[in-house]
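A.B. asks: Supplied in C-alpha cells, the structure appears directly below.
What follows draws every value from the coordinates through simple rules; no lab data is involved. Worth saying up front: this structure is predicted, and the values here are computed from it rather than measured. In this analysis, Cβ positions are derived from the backbone assuming ideal geometry, glycine residues included, and neighbour counts consider all displayed protein chains.
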Amino acid sequence: MEMNLSTEDAAFRDEVRAFIAKKLPPEIKRNIEKGVKLAKEDFVRWQKILFEKGWIAPNWPKEHGGTGWTPMQRHIFDEELAAGSTPMLIPFG
C-alpha cells in the first residue's frame, strides 16, 4: 500500500531514518541482517540509545514519559525500525 505522507510526516520519516543510520551500532545491525540471535546486552544497548533520544516509549502519551506521537508517526517509526534492521522494542523493558 502506498501512503501519501504530509510534509511533516515525510520530515519525521527522514529524521528517524537518519537517527537509525547514525546511532544503530553496526554490529547489532549486521547480526540482525544475518539472523544471529541477539544477546540481552544488544537489546539493552539499543533501548538506552532510544531512551537518550526520548523515543523509548513511542506508544505512551507525553505526560507519562512517551513521545506523544500521532498514530501516523508511530506507524512511520515502526516501519523505519523494521527497515533499518533494528532490535525489536521490548515493552516494559
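A.B. asks: Cut-off is 10 Å between beta-carbons; in what order do 28, 20 appear when sorted fewest neighbours first?
C.D. replies: 20, 28
A.B. asks: Also, I was wondering about something else. Near the amide H of residue 68, under 5 Å away, which other amide H atoms are found, from residues 5 or more places off or on another chain, if H is placed in the peptide plane?
C.D. replies: 60, 62
A.B. asks: If each of residue 4 and residue 88 carries a label point 7 Å out from its Cα toward its Cβ, how far apart are those two points in nm?
C.D. replies: 3.5 nm
A.B. asks: In sequence order, what are the phi-derived ³J(HN,Hα) couplings for the range 30-39 according to the Karplus relation 6.51 cos²θ - 1.76 cosθ + 1.60 with θ = phi - 60°, rounded to whole Hz, with x for glycine and proline?
C.D. replies: Coupling constants for the range 30-39: 4, 5, 5, 5, 8, x, 7, 5, 7, 7 Hz.
A.B. asks: Among 89, 36, 18, flag the residue with its Cα farthest along the positive direction of the charge dipole of the chain, charges on Cβ as +1 for Lys/Arg and -1 for Asp/Glu.
C.D. replies: Checking the options against the dipole of the chain, the answer is 36.
A.B. asks: If you don't mind, another one. How large is the helix-only mean residue ellipticity at 222 nm for the chain, computed as the sum of -39500 (n - 2.57) over DSSP H runs with n ≥ 4, divided by its residue count, in deg cm²/dmol to the nearest 500?
C.D. replies: -18000 deg cm²/dmol
A.B. asks: Note down the nm distance, to one decimal, between modelled labels 7 Å out along Cα→Cβ at residue 74 and at residue 52.
C.D. replies: 2.7 nm
A.B. asks: What distance in nm separates the two pseudo spin-label positions at residue 59 and residue 11, each 7 Å out from Cα along the beta-carbon direction?
C.D. replies: Result: 2.8 nm between the two label points.
A.B. asks: So for the range 24-93, considering every pair of alpha-carbon atoms, how many percent are separated by more than 18 Å?
C.D. replies: Values: 921 of 2415 pairs.
It works out to 38 percent of all Cα pairs.
A.B. asks: Only four residue types carry charge here, +1 at the Cβ of Lys and Arg and -1 at the Cβ of Asp and Glu. Report the dipole size of the chain about the Cα centre in Debye, rounded to the nearest 20. Could you put the intermediate results ahead of the total?
C.D. replies: On the way: 14 positive and 14 negative charges, 95 e Å.
It works out to roughly 460 debye.
A.B. asks: Using θ = phi - 60° and the Karplus curve 6.51 cos²θ - 1.76 cosθ + 1.60, what whole-Hz ³J(HN,Hα) does each residue of the range 72-88 get, with Gly and Pro shown as x?
C.D. replies: The phi angles translate into 5, 5, 5, 5, 4, 4, 4, 5, 6, 4, 5, 5, x, 6, 9, x, 5 Hz.
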